[in-house]
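Peer 1: Once you've had a glance at the structure underneath, I'll fire off some questions.
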Amino acid sequence: MTGTEYVQQALAGLDRAAGGGVDPALPLYATTFVVVDLETTGGAPDGGGITEIGAVKVRGGEELGVLATLVNPGVPIPPFITVLTGITQAMLLPAPPIEQVLPSFLEFLTDAVLVAHNAPYDVGFLKAACARHGYAWPNPRVLDTAALARRVLTRDEVPNRKLGTLAAYFRTATRPNHRALDDAKATVDVLHGLIGRLGGHRVDTVGEAIEFARAVTPTQRRKRHLADGLPKVPGVYIFRAADDRPLYVGTSGDIATRVRSYFTAAEKRARISEMLAAAERVEAVECAHSLEAEVRELRLIAAHAPPYNRRSKFPERQVWLKLTDEVYPRLSVVRGLGPADTAYLGPFRSKQAAELAAAGFHDAVPLRQCTHRLSRRTTMPACALAELGRCPAPCEHLITPEEYEHRAAAPFRTATRDDPAVVVDALLARIETLSAAHRYEEAAVVRGRLAAVLRAAVRMQRLAALTGIAELAAARPAARGGWELALVRHGRLAGAGVSPPGVHPRPTIAAIRATAETVLPGPGPVPAATAEETERILSWLERDETRLVETTAGWASPVAGAGRFRDLLAKAEHGGSHHFSTERS
């Protein structure tokens with residue numbers, strides 16, 4: 001053929017998916033496939049080299065259309081290609097170039113799954129041609145019959161997975177002969193033969209077939225049934241062992257789809273493979289919306305510490321940097337806060353992080369570092385820090401409690417509650433001095449301490465702004481209409497729901513409030529929930545589309561608070577010591 005032969009029957013009944021593409025949940029019998037084969041000059045896929053395209057469109061075993069054409073590659077054909085395919089240079093001279101063929105082929109491919117034998121080869125040439133000539137590659141779902149045959153057929157059945165071998169095994173009506181259309185027709189029969197074998201593997205949809213063709217492990221294949229019957233709604237899923245122990249907890253906006261992904265080739269994590277081997281069932285906890293799902297996930301992980309979850313397993317291990325209640329206060333790393341504690345910073349995720357921030361305060365203000373309990377009446381020998389001028393020696397009463405409060409303790413209280421400028425300025429000045437003396441490694445250490453102080457102060461003030469509110473109701477547009485609703489009390493999610501489309505959300509909010517969890521205030525910036533939960537809520541509340549409906553108090557941060565140093569914090573976290581600017585922003 002020297003021109004484009006395009007024969008297509010009526011396509012009544014084809015459902016065009018929103019935005020194009022094919023729904024992976026579509027049954028195989030209802031899926032439209034375009035089976036493609038290319039002949040080429042044998043070179044690399046550089047945008048040219050295609051000498052012939054053959055494509056057959058089928059659905060439910062019925063042929064819907066055919067596209068076949070020779071293509072002028074614009075370069076001589078190697079003699080061995082002519083011997084292999086029978087395509088000569090004279091045959092290609094009147095043929096259209098690939099840039100004229102692509103529009104018809106891409107239209108032919110619309111809303112179909114692309115099928116090819118050794119698909120990466122054919123897809124590579126087609127994608128390169130589209131890129132070279134300015135056509136957008138539609139990125140269709142691709143099913144490789146060679147890969148599918150490796151999963152379905154054993155070595156006892158076929159010695160290899162070549163198209164000719166498979167065509168002989170399935171007794172195809174057309175035998176492959178290295179011409180594009182005949183090879184495509186043979187591949188259609190091979191595809192139908194392979195699909196007939198998939199039922200025994202519990203593969204019924206096109207998405208399952210594509211994933212099945214990939215290199216999944218025997219464990220994934222054996223445990224695939226664990227994803228059966230799960231709801232396609234937002235929520236939390238729990239993989240449980242034979243003794244019902246939670247092994248892994250996760251969250252998703254579509255539980256069924258997310259759990260199925262654990263049994264595909266895309267899942268390659270070693271620890272998840274180990275978890276799947278031990279899992280015996282998957283439990284689903286349906287939630288009103290994504291925020292409730294995220295919060296439930298955090299709470300379940302904290303409550304059960306599943307062995308295969310890495311993050312948020314031990315929220316009780318958070319620590320605080322507290323100013324002690326003494327005549328001459330000092331900084332102390334503690335596990336919890338009490339009602340009498342008024343000056344603190346945190347929470348920190350580790351003791352090391354708290355100690356790094358403490359070192360920053362010690363660099364900036366003259367807080368004592370010894371652990372002795374000092375008295376107004378009795379003196380003690382001074383330590384080496386006093387001799388080095390890094391401590392005002394309250395142990396020897398060289399500074400009064402009032403002056404110590406003014407010079408050392410008050411800056412810590414101010415930096416944590418309100419404005420950390422005094423500490424920031426002192427640390428910036430120290431970094432500048434060290435950098436000017438080319439002591440870049442020491443400057444980098446101070447820079448790390450500055451980042452630790454600012455990171456903790458920004459986080460704590462942000463948390464405290466929300467947790468100080470007794471109750472806050474907020475709404476966010478739901479994807480399918482209506483509103484996602486959240487009731488937050490002292491930074492804890494106390495209730496959640498969704499109001500139906502076309503219905504005012506106030507009655508739903510009232511129902512949520514009536515059944516919401518009672519949350520009591522307490523000490524610290526996270527009195528009723530973990531910092532991770534409150535931060536998830538903050539992230540949801542701060543989205544542009546979220547609306548505040550009701551609140552019992554104003555939601556605000558200090559005007560001159562730590563938040564104004566966010567740019568400086570970013571520089572401190574990412575800048576090199578001798579490139580780090582000592583400007584505030």
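Peer 1: How fast does the range 234-332 diffuse by Stokes-Einstein, in µm²/s, taking the Kirkwood radius from C-alpha pairs at 10 °C and 1.306 mPa s?
Peer 2: On the way: Rh = 15.3 Å.
My calculation gives 104 µm²/s for D.
Peer 1: Which of the three applies to the range 335-407, rounded, prolate or oblate, going by the alpha-carbon gyration tensor with a ≥ b ≥ c and a/c under 1.5 meaning rounded? Can you show the working numbers first?
Peer 2: Working: a/c = 2.13, a/b = 1.54, b/c = 1.38.
Because a/c hits 1.5 or more and a/b exceeds b/c, the range 335-407 counts as prolate.
Peer 1: Would you kindly find the accessible area of HIS362, with a 1.4 Å probe and non-protein molecules such as ligands, DNA and RNA excluded, rounding to the nearest 10 Å²?
Peer 2: Counting only protein heavy atoms, the figure is 40 Å².
Peer 1: Right, another one. Expected output is a single nm value to one decimal: the length gained when fully extending between GLU99 and ARG197, i.e. 0.36 nm times separation in residues minus the C-alpha distance. What is it? Provide the component values of the computation, followed by the final result.
Peer 2: Values: separation 98, 0.36 × 98 = 35.28 nm, distance 3.85 nm.
Result: 31.4 nm gained on full extension.
Peer 1: Okay, moving on. How large are Rg and Dmax for the chain when calculated on the C-alpha trace, in angstrom?
Peer 2: For the chain, the Cα radius of gyration and maximum Cα-Cα distance read 33.7, 110 Å.
Peer 1: Follow-up. Provide the per-residue ³J(HN,Hα) series for the range 66-79, in order, calculated from phi with Karplus coefficients 6.51, -1.76, 1.60 and θ = phi - 60°, each as a whole number of Hz, with x at glycine and proline positions.
Peer 2: 9, 10, 8, 7, 7, 10, 7, x, x, 9, x, 8, x, x
Peer 1: Could you give the Stokes-Einstein D for the range 291-343 in µm² per second, using the C-alpha Kirkwood radius, 25 °C, 0.890 mPa s? Kindly include the intermediate steps, with their values, before the conclusion.
Peer 2: On the way: Rh = 13.5 Å.
For the chosen part, D equals 182 µm²/s.
Peer 1: When a/c reaches 1.5 or more, the comparison of a/b and b/c decides; with that in mind, is the range 316-446 rounded, prolate or oblate per its Cα gyration tensor?
Peer 2: Values: a/c = 1.70, a/b = 1.10, b/c = 1.55.
Since a/c reaches 1.5 but b/c is at least a/b, the shape of the range 316-446 is classed as oblate.
Peer 1: Report the calculated FRET efficiency for THR552 and ARG281 (r = Cβ-Cβ distance, R0 = 60 Å), to the nearest 0.05. Please list the in-between numbers first.
Peer 2: Values: r = 43 Å, r/R0 = 0.71.
Working from the Cβ atoms, E equals 0.90.
Peer 1: What base-10 log of the normalised intensity I(q)/I(0) is obtained for the range 142-242 from the Debye formula, alpha carbons as equal point scatterers, at q = 0.11, 0.14, 0.19, 0.25 Å⁻¹?
Peer 2: Debye curve over Cα of the range 142-242, log10 I(q)/I(0) at q = 0.11, 0.14, 0.19, 0.25 Å⁻¹: -0.43, -0.62, -0.95, -1.41.
Peer 1: Shifting gears a bit: Whole Å is fine, so just give me how far the alpha carbon centre of the range 77-107 lies from that of the range 259-290.
Peer 2: 47
Peer 1: Rounded to the nearest 0.05, what FRET efficiency do LEU385 and ALA478 give with R0 = 45 Å and r taken as the Cβ-Cβ distance? Could you check?
Peer 2: Values: r = 59 Å, r/R0 = 1.31.
According to the calculation, E is roughly 0.15.
Peer 1: Restricting to Cα pairs below 8 Å that are 6+ residues apart, what does the relative contact order work out to for the chain? Please round to a whole percent.
Peer 2: On the way: 1054 pairs, mean separation 53.1, N = 585.
RCO, the chain: 9 percent.
Peer 1: What are the residues whose amide H is under 5 Å from the amide H of GLY60, where those residues sit 5 or more places off or on another chain and H is modelled from the backbone?
Peer 2: Correct list: THR31.
Peer 1: Which residues' amide hydrogens lie under 5 Å from the amide hydrogen of ARG547, considering only partners 5 or more residues apart or on another chain, with H built in the peptide plane?
Peer 2: Excluding prolines and chain starts, which carry no amide H, the hits are ALA475, ARG476.
Peer 1: Highest mean first, how do 243-252, 192-201, 409-418 rank when packing is the count of other Cβ atoms within 10 Å averaged over residues?
Peer 2: On the way: 243-252: 18.0, 192-201: 15.4, 409-418: 20.1.
For the peptides 243-252, 192-201, 409-418, the packing ranking is 409-418, 243-252, 192-201.
Peer 1: Please sort 102-110, 421-429 by packing, taking for each peptide the average over its residues of neighbouring beta carbons within 10 angstrom, highest first.
Peer 2: On the way: 102-110: 17.0, 421-429: 18.8.
The packing order, highest mean first, is 421-429, 102-110.
Peer 1: Still on this structure, please answer the following. Pop out the ³J(HN,Hα) list for the range 398-410 in order, Karplus 6.51 cos²θ - 1.76 cosθ + 1.60 with θ = phi - 60°, rounded to Hz; leave Gly and Pro as x.
Peer 2: Result, ordered by residue: 7, 9, 6, x, 5, 5, 4, 4, 5, 8, 10, 6, 4 Hz.
Peer 1: Could you list, bin by bin from short to long, the percent of Cα-Cα pairs of the range 101-167 in 5 Å steps?
Peer 2: 3, 15, 23, 20, 13, 11, 8, 4, 1, 0
Peer 1: Determine the gain in length on full extension of the stretch HIS133-SER273; use 0.36 nm per residue of separation and subtract their C-alpha separation, reporting nm with one decimal.
Peer 2: Length gained, HIS133 through SER273: 46.1 nm.
Peer 1: Does a label point 7 Å from the Cα of ALA511, set along Cα-to-beta-carbon, have any residues of the range 461-492 with amide nitrogen under 17 Å, and which are they?
Peer 2: Answer for the range 461-492: 474-476, 478, 481-487.
Peer 1: Considering only lysines 8 or more places apart in sequence, or on different chains, count the pairs in the chain whose C-alpha atoms sit under 16 Å apart. If you can, show how the numbers build up before the last one.
Peer 2: On the way: LYS57/LYS185; LYS162/LYS185; LYS223/LYS268; LYS322/LYS351.
Within the chain, the lysine pair count is 4.
Peer 1: What whole-number value in cubic angstrom gives the convex hull volume per residue for the C-alpha atoms of the range 43-111?
Peer 2: On the way: hull volume 8.0 nm³, N = 69.
Value for the range 43-111: 116 Å³ per residue.
Peer 1: Kindly state, to the nearest 0.05, the FRET efficiency for ARG155 paired with ALA241, given R0 = 35 Å and r defined as their beta-carbon distance.
Peer 2: On the way: r = 35 Å, r/R0 = 1.01.
Efficiency at R0 = 35 Å is approximately 0.50.
Peer 1: From the backbone phi of the range 513-521, what are the Karplus-calculated ³J(HN,Hα) couplings (6.51 cos²θ - 1.76 cosθ + 1.60, θ = phi - 60°) in whole Hz, Gly and Pro given as x?
Peer 2: My calculation for the range 513-521 gives 4, 5, 10, 6, 5, 7, 10, 9, x Hz in order.
Peer 1: Can you find, among VAL519, ALA475, LEU153, the residue farthest towards the positive end of the dipole of the chain? Put +1 on the C-beta of Lys and Arg, -1 on that of Asp and Glu.
Peer 2: VAL519
Peer 1: How many Å² of accessible area per residue for the range 138-274, probe 1.4 Å?
Peer 2: On the way: 6220 Å² over 137 residues.
Per residue, the range 138-274 has 45 Å² of solvent-accessible surface.
Peer 1: Hey, got the Cα dimensions of the range 427-559 along the principal axes, in Å, largest first?
Peer 2: On the principal axes, the range 427-559 reaches 68, 33, 24 Å in Cα extent.
Peer 1: Of the accessible area of the chain, with the probe set at 1.4 angstrom, what percent is carbon plus sulfur?
Peer 2: Details: 14240 of 27610 Å².
Within the chain, the accessible surface is 52 percent carbon and sulfur.
The values are calculated or read from the model by the stated rules, or taken from the named source; none is laboratory data. These numbers were taken from a predicted model, which means no experiment stands behind them. Note that we place each Cβ from the backbone using ideal geometry, even for glycine, and neighbour counts take in every protein chain shown. The accessibility values were calculated without ligands, DNA or RNA, using every heavy atom of the protein model including side chains. Shrake-Rupley method; radii C 1.70, N 1.55, O 1.52, S 1.80 Å.
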